[in-house]
1. With bins 5 Å wide starting at 0, give me the P(r) of region 1-69 over every alpha carbon pair, in whole percents.
2. Quick one: length gained pulling Val78 to Val33 fully straight, 0.36 nm per residue minus the C-alpha distance?
3. Of Ser15, Ser160, Ser97, which is the most mobile in a GNM of the chain whose springs link Cα atoms less than 10 angstrom apart?
4. Placing +1 at every Lys and Arg Cβ and -1 at every Asp and Glu Cβ, with all other atoms neutral, what dipole size does region 23-172 have around its Cα centre, in debye to the nearest 20?
5. Determine, at each q value in 0.08, 0.09, 0.14, 0.16 (inverse angstroms), the log₁₀ of I(q)/I(0) that the Debye formula gives when each Cα of the chain is one equal point scatterer.
6. Tell me, in nm to one decimal, what length is gained between Ser160 and Asn130 on full extension, where the rule is 0.36 nm per residue of separation less the Cα-Cα distance?
7. How far apart, in nm, are the 7 Å Cα→Cβ label points at Ala121 and Leu55?
8. May I ask you to give the percent of accessible area on the chain that is carbon plus sulfur, with a probe radius of 1.4 Å?
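The values are calculated or read from the model by the stated rules, or taken from the named source; none is laboratory data. Source: prediction; values computed, not measured. Cβ atoms come from the backbone with ideal geometry, glycine included; neighbour counts cover every protein chain shown. Remember, those area values only see protein heavy atoms, side chains included, never the ligands or the DNA or RNA. Shrake-Rupley method; radii C 1.70, N 1.55, O 1.52, S 1.80 Å.
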Amino acid sequence: MRNRNFRALMVSSTSGVLGNAVAAVALPVIAAVELQAGNFEVAALAGMTFLPWLLLGLVIGVWVDRLPRKPVMLASLVVRVLVLGLLPLGYWLGFLSVPLLFGTAFVVGVTSVFFQLADAALVQQAVTPNELMEGNGLITGSGAAADAAGRSVAGWLTSSAGASNSLLVQVA
């Protein structure tokens, strides 16, 4: 934790996991509550963010291994913010739809693959070999805590501010 580069990486990784957890809860709620989607659509949407891991995980992993990690992480965050920002905007302006949710979920899944693979590879560059086990443990632990907290916060936010508006947390 004394390593400034590692602290910055841990904050970035943890906040990314927190935002993903909020989106994972909010997207199916948007479909069910705000768009009155059917059971199959809601279930399919919940799994849509994991589809890129199955279809593209290996290819993206090879690609990320050949690219500089920080620009990959920043680009994936920018794309994720822009795409998720469309949903509250679509809700406010009236163009929110189930196909838009599916497309958004898939793109968010692709950006998560890029971000998480670059993040995992960057840990080795941020710490010394002696700190690697502790660094991986801290990143994994903070990610697990952020995932649990994000899902809890998402439940509260979707009921208090509305599902589409809860995505503003992910955008922030």
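1. Over region 1-69, the share of Cα pairs per 5 Å bin runs 3, 14, 14, 15, 18, 14, 10, 7, 3, 1, 0 percent.
2. Net length gain for the segment: 13.4 nm.
3. Among Ser15, Ser160, Ser97, the largest GNM mean-square fluctuation belongs to Ser160.
4. 220
5. These q points yield log10 I(q)/I(0) values of -0.25, -0.32, -0.73, -0.93.
6. 6.2 nm
7. Rounded to a tenth, the inter-label distance reads 2.2 nm.
8. Roughly 69 percent, rounded to a whole number.
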